[in-house]
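This report refers to the structure that appears directly beneath it.
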Amino acid sequence: MAKLTPIKAIRAKCLECSCGQWKEVRLCPVRNCPLYEYRNGHRPKEEKCIKENDLDKK
């Protein structure tokens, strides 16, 4: 079995959580999930991460 990159592993977990439905991964309603920003197989932009961290502190 080939090793998964962290992003691909997150994508696989999201796919498992949505019962194997790719469309459901894209439409995921669980916005407070720590994997939410990574579910589409790419990293979120740095600006977005900083803004979210600032909101948590307030």
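I'd like the full set of residues that are open to solvent by 60 Å² or more (accessible area, probe 1.4 Å) and in contact (Cβ under 8 Å) with a residue 24 or more places away in the chain, limited to the range 3-40.
Passing the criteria: K8, Y38, N40.
Applying the criterion of at least 3 residues that are modelled with pLDDT of 90 or more and not acidic (D, E) to the helices (runs of 4 or more DSSP H) found wholly in the range 5-58 leaves 6-17, 22-26.
The values are calculated or read from the model by the stated rules, or taken from the named source; none is laboratory data. Only a predicted model underlies this, so the values are computations on that prediction, with no experimental measurement involved. For neighbour counting, all protein chains shown are included, and Cβ atoms are generated from backbone atoms with ideal geometry for every residue, glycine included. Side chains included, ligands, DNA and RNA excluded: accessible areas come from the protein's heavy atoms. Shrake-Rupley method; radii C 1.70, N 1.55, O 1.52, S 1.80 Å.
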